[in-house]
Amino acid sequence: MGPRKRENAVSTLCRLVRLSRSWLYGYQAGQAARDDRRERRSARDDVLLAKIMRVFKASKHRYGSKRIHRDLCAEGEHVPERRVARIMRESRISAGQRKPRKPVTTNSNHKLTPSPNLLLEAFHCTTPN
């Protein structure tokens, strides 16, 4: 409501923006509580970030939020998985992708002798099949 509050009555301003006066006063009174909750949440997130980083480093930067959440729960830290994911996203922590496995094919560049022909058959076909 800000500076207009001095010029007009609160009831008039509330009617214009279609808010109740009780909501306005309740909102102003609850601001301190919201600020306190925000500070406590931020402090808790800092503590969780340290634990998340420890588990993440122990996994050699391979675990995502689901596995980190599972490890934190195993240690007795009860925290929602979405909160772990949010903290990791805000801190730009993400698991590295595995490199795709490249199949090993025949190496033709070698000096080894080929396998011997054990059948020693010479096929001379005059007709198909």
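The values are calculated or read from the model by the stated rules, or taken from the named source; none is laboratory data. Note that this is a predicted model, so its numbers are computed, not measured. Positions of Cβ are backbone-derived with ideal geometry, glycine not excepted, and every protein chain shown enters the neighbour counts. Side chains are part of the model used for accessible areas, which takes the heavy atoms of the whole protein and leaves out ligands, DNA and RNA. Shrake-Rupley method; radii C 1.70, N 1.55, O 1.52, S 1.80 Å.
Check the chain and count each lysine pair with an alpha-carbon distance under 29 angstrom, considering only pairs eight or more places apart or from different chains.
11
Can you give the charge dipole size of the chain about its Cα centre, rounded to the nearest 20 debye, using +1 on the beta carbon of Lys and Arg and -1 on the beta carbon of Asp and Glu? Walk me through the numbers before you get to the answer.
Numbers: 30 positive and 12 negative charges, 133 e Å.
In total the dipole reaches around 640 debye.
Under 8 Å for C-alpha pairs, at least 6 residues apart: give me the relative contact order for the chain, rounded to a whole percent.
Contact order relative to length: 15 percent.
Please report the relative contact order for region 36-97, taking Cα pairs under 8 Å with a sequence separation of at least 6, and give it as a percent rounded to a whole number. Mind showing how you got there, number by number?
Values: 38 pairs, mean separation 21.9, N = 62.
Across region 36-97, relative contact order equals 35 percent.
Placing +1 on the Cβ of each Lys and Arg and -1 on the Cβ of each Asp and Glu in the chain, which of 105, 42, 59 has its Cα farthest towards the positive end of the resulting dipole?
42
Within the accessible area of region 36-97, what % is carbon and sulfur when the probe is 1.4 Å and the other protein chains stay in place?
Numbers: 2190 of 4570 Å².
In region 36-97, the share of accessible area belonging to carbon and sulfur is 48 percent.
On a 0 to 90 degree scale, rounded to 10, what angle separates helix 81-90 from the longest Cα axis of the chain?
90 degrees
About the Cα centre of region 36-97, how large is the charge dipole given +1 on each Lys and Arg Cβ and -1 on each Asp and Glu Cβ? Please answer in debye to the nearest 20.
Details: 18 positive and 9 negative charges, 46 e Å.
So the magnitude is around 220 debye.
Enter the accessible area per residue of the chain (Å², integer; probe 1.4 Å; all protein chains in place).
Accessible area per residue: 90 Å².
Set Lys and Arg Cβ to +1 and Asp and Glu Cβ to -1, take the dipole of the chain about its Cα centre, and tell me which of 87, 24, 127 lies farthest positive.
Going by the Cα projections, it comes out as 24.
Keeping all protein chains in the complex and leaving out DNA, RNA and ligands, what accessible area do you get for residue 110 with a 1.4 Å probe, in Å² to the nearest 10?
Looks like 100 Å² after rounding.
Going by accessible area, probe 1.4 Å, with all protein chains left in place, what is the ranking of 25, 63, largest first? Provide the component values of the computation, followed by the final result.
Working: 25 105, 63 55 Å².
Result, largest first: 25, 63.
What ranking of 71, 36 comes out by heavy-atom accessible area, probe 1.4 Å, highest first? Can you show the working numbers first?
Values: 71 45, 36 75 Å².
The residues order as 36, 71, largest area first.
Taking N as the number of residues in region 1-124, what is its alpha-carbon radius of gyration divided by 2.2 N^0.38 Å?
Working: Rg = 32.6 Å, N = 124, 2.2 N^0.38 = 13.7 Å.
Dividing the Cα Rg of region 1-124 by 2.2 N^0.38 Å gives 2.37.
Three principal axis extents, largest first, for the C-alpha atoms of region 36-97, in Å?
38, 24, 17
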